[in-house]
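The values are calculated or read from the model by the stated rules, or taken from the named source; none is laboratory data. As the structure is a prediction and not an experimental result, all values here were calculated from the model. FYI the Cβ positions are ideal-geometry reconstructions off the backbone, even for glycines, and counts take in every protein chain you see. Side chains are part of the model used for accessible areas, which takes the heavy atoms of the whole protein and leaves out ligands, DNA and RNA. Shrake-Rupley method; radii C 1.70, N 1.55, O 1.52, S 1.80 Å.
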Amino acid sequence: CTSAMTGVVSVTANPLPVAWTVMGGGTLCAGTSGVSITLSGSDMNVSYALYNGTTATGTTLSGTGAILNFGLLTIPGEYSVQATDMLTGCTNNMNSTATVSVNPAPVQYAVTGGGNYCPGGAGVVVGLSGSQSGITYQLYRNGVATGATVSGTGGVVSFVAQTLGGNYTAIATDDVTGCNNTMTGAVTVGLHAAPVVHTVTGGGSYCAGGTGVSIALNGSSSGITYRLYNGATPVGSAIAGTGAAINFGMQSAAGTYSVLATNPTTGCTLPMNSSATVVVNALPAV
């Protein structure tokens, strides 16, 4: 025996959100702004949630009927998107995934060296407290690259001696990935002031057995010492500058006399202008 039951029910199959394609991703250097992940399209009344692996990133966008951009991503992983129909609650995973990879930046080391040097000197060395193999280091002066690059050795590295005044920094670049990183700190290179140049005066001829002839300097500077030389041999003691002319006294040894000025604070030296010659005339034979 059969009997018809009372009433009817309807079953409606709601469509899943359209499966658009996840695009973008790529490789970035640590510390940079990241890479973009997008969805090739979207639908109104559908929300799109971004996942890194199985973990929701917290980024959910509402469909606009156009391409969606989830922004710049810096955390490595495989990203997917799940769509949810806001009217029916139906969900669907979007096609494909996008991978974000992060290359490490070169290790930061401290810029070392710098300082002041004397006029005419070779300059001062600027270097790094350490380095990595496979990394290239470029020195910068006031923000502009200067000199040749230096390859990392795994130890301290030095750039050539620097003679131009300024502020020196360094940037490291990975030879394989191209990732770079600014080294820590900066050093300054400067030039000490040279002693003021004065002129050696005096000298001349005198008769053997006499007291000699006077040699002087036509000026001097306070804080500077002056040393008289006969050829390469120092004569007497250094004399402190007074701001006026100074006299080295009577010189009886024949030769060519010069004066070297020294700044005791910086150690910088500078020859004074000109020289004075002392000639000893022989007495007539008895």
Open item on the list: Just to confirm my numbers, what's the Cα centroid distance between region 240-260 and region 178-194 in Å?
Closed with: 42
Open item on the list: Give the list, by residue number, of cysteines in the chain with no other Cys Cβ closer than 4.7 Å, or say none.
Closed with: 1, 90, 207
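So if each residue of separation counts as 0.36 nm, and I subtract the Cα-Cα distance between residue 175 and residue 3, what length gain in nm does that give?
Working: separation 172, 0.36 × 172 = 61.92 nm, distance 8.35 nm.
That pair, residue 175 and residue 3, stretches by 53.6 nm at full extension.
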Task: Amide H contacts under 5 Å for residue 46, placed H, 5+ residues apart - done: 63, 86
Task: Whole-number D in µm²/s for region 138-286 (Stokes-Einstein; Kirkwood sum over Cα pairs; 37 °C, 0.692 mPa s) - done: 169
Task: Alpha-carbon centroids, region 1-54 and region 152-175: separation in whole Å - done: 52
- [ ] Would you mind telling me the share, in percent, of accessible area of region 156-286 contributed by carbon and sulfur at probe 1.4 angstrom?
- [x] 57
- [ ] Give a residue-ordered list of calculated ³J(HN,Hα) values for region 121-135 (Karplus: 6.51 cos²θ - 1.76 cosθ + 1.60, θ = phi - 60°; whole Hz; x for Gly, Pro).
- [x] x, 7, x, 10, 7, 10, x, 10, 6, x, 7, 10, 5, x, 10
Open item on the list: Accessible area per residue for the chain in Å², computed with a 1.4 Å probe and the full protein assembly in place, what is it?
Closed with: 53
Task: Sequence-distant residues sharing a close amide H with residue 191 (under 5 Å, placed H) - done: 117
Task: Inter-site label distance for residue 91 and residue 44 at 7 Å from Cα along Cβ, in nm - done: 2.6
Task: Max mean-square fluctuation residue, GNM over the chain, Cα-Cα springs under 10 Å, options 161, 56, 110 - done: 56
Task: the chain: most fluctuating residue of 14, 230, 142 per GNM, C-alpha cutoff 10 Å - done: 14
TODO: With springs only between Cα atoms under 10 Å apart, run a GNM on the chain and tell me which of 119, 15, 271 wobbles the most.
DONE: 15
Task: Largest-first ordering by accessible area, 1.4 Å probe, given options 272, 250 - done: 250, 272
TODO: Please provide three numbers in whole Å: the alpha-carbon extents of region 70-140 along the principal axes, with the largest listed first.
DONE: 83, 24, 14
TODO: Please calculate the 1.4 Å probe accessible area of residue 192, with all protein chains present, and give it to the nearest 10 Å².
DONE: 40
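Express the C-alpha Rg of region 167-215 as a ratio against the empirical globular expectation 2.2 N^0.38 Å, rounded to two decimals.
On the way: Rg = 28.8 Å, N = 49, 2.2 N^0.38 = 9.7 Å.
Rounded to two decimals, the normalised Rg is 2.98.
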